[in-house]
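Trainee: First the structure, then my questions, so here it is.
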Amino acid sequence: MSTGPKVGSEKLVRLSEAAGKHLSTLLERKGYGAGALKVAVVGGGCSGLQYQMELVPGAGPKDILVESRGVRISVDTKSAVFLSGSEIDFSTDLQKGGFRVTNPNARATCSCGDSFST
């Protein structure tokens, strides 16, 4: 019986250098030394599925925990199916800034880039 999250690899999800640096700063500011970026795929958005991201103090016991660029990423097992092979990037562009997911499993995306379908 498992007592903690499963350990995954960057084959599931990885961070760009820019995303890793920005997330490290955000986790430090929040006081989450052992914290993680929680990434989930949920129903919604104009293409059917959308990403949810939040900083959490730690991974859930049934999550998959991936370390990338020195940052922990926590993914629930249902979302892992949709995220496999994805990269999370960060940009400071004025109009298209923020975190963006490049997902090889997305067959269609909306123009805003926050929603996709498989």
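Trainee: Being assigned to a loop (DSSP other than H, G, I, E, B), at pLDDT 85 or above and of a type in the set (Val, Ile, Thr) is the filter here; which residues of segment 84-118 pass it?
Mentor: Matches in segment 84-118: Thr92 only.
Trainee: Applying the selection to segment 17-50, what residues are among the hydroxyl-bearing types (Ser, Thr, Tyr) and more than 17 Å from Leu65 (Cα to Cα)?
Mentor: Taking segment 17-50 and keeping what is among the hydroxyl-bearing types (Ser, Thr, Tyr), we get 24-25, 32, 47.
Within segment 17-50, Thr25, Ser47 qualify.
Trainee: Out of segment 1-25, which residues are surrounded by 14 or more Cβ atoms within 10 Å (Cβ to Cβ) and free of Cβ contacts under 8 Å to residues at least 40 places away in the same chain?
Mentor: Once the filter is applied, which keeps residues that are surrounded by 14 or more Cβ atoms within 10 Å (Cβ to Cβ) and free of Cβ contacts under 8 Å to residues at least 40 places away in the same chain, segment 1-25 yields nothing.
Trainee: Tell me whether segment 70-92 contains one or more residues that are free of Cβ contacts under 8 Å to residues at least 12 places away in the same chain and closer than 19 Å to Arg29 by Cα.
Mentor: Scanning segment 70-92, I find at least one residue that is free of Cβ contacts under 8 Å to residues at least 12 places away in the same chain and closer than 19 Å to Arg29 by Cα, so the answer is yes.
Trainee: Looking at (1) hydroxyl-bearing (Ser, Thr, Tyr); (2) in a loop (DSSP other than H, G, I, E, B); (3) within 22 Å of Ser91 (Cα to Cα), which is the one condition that is false for Thr25?
Mentor: That leaves (2) as the condition not met.
Trainee: Taking segment 1-29, which residues are modelled with pLDDT under 95, under 25 Å from Ala106 (Cα atoms) and of a type in the set (Val, Ile, Thr)?
Mentor: Val7
Trainee: In the set Asp93, Asp89, Asp63, which member is surrounded by fewer than 19 Cβ atoms within 10 Å (Cβ to Cβ) and touching a helix residue (DSSP H, G or I) at 6+ places or on another chain (Cβ under 9 Å)?
Mentor: Working: Asp93 fails: touching a helix residue (DSSP H, G or I) at 6+ places or on another chain (Cβ under 9 Å); Asp63 fails: surrounded by fewer than 19 Cβ atoms within 10 Å (Cβ to Cβ).
Step by step, each of Asp93, Asp89, Asp63 is checked, and only Asp89 is surrounded by fewer than 19 Cβ atoms within 10 Å (Cβ to Cβ) and touching a helix residue (DSSP H, G or I) at 6+ places or on another chain (Cβ under 9 Å).
Trainee: Being under 13 Å from the mean Cα position of the chain (by Cα) and either aromatic (Phe, Trp, Tyr) or modelled with pLDDT under 95 (or both) is the requirement here; does Tyr32 meet it?
Mentor: Here the answer is no, as Tyr32 does not meet what is asked.
Trainee: Which numbered condition trips up Val75, out of (1) farther than 21 Å from Ala106 by Cβ; (2) crowded, with 20+ Cβ neighbours inside 10 Å; (3) in contact with a helix residue (DSSP H, G or I) (Cβ under 8 Å, 6 or more places away or on another chain)?
Mentor: Every listed condition holds for Val75 apart from (1).
Trainee: From the list Gly33, Gly45, Gly4, Gly20, which residue is outside any strand (DSSP E or B), at positive phi and of a type outside the set (D, E, K, R)? Can you show your working first?
Mentor: Numbers: Gly33 fails: at positive phi; Gly4 fails: at positive phi; Gly20 fails: at positive phi.
It is Gly45.
Trainee: In this structure, does Asp93 turn out to be closer than 20 Å to Pro104 by Cβ and of a type in the set (Asp, Glu)?
Mentor: No; evaluated as a whole, the condition is false for this residue.
Trainee: Looking at Val66, is it closer than 20 Å to Pro5 by Cα and at pLDDT 90 or above?
Mentor: yes
The values are calculated or read from the model by the stated rules, or taken from the named source; none is laboratory data. In this text the structure is predicted, and so the values were computed from the model without any measurement. Quick reminder, even Gly has a Cβ in these numbers, built from the backbone with ideal geometry, and neighbours come from all protein chains shown.
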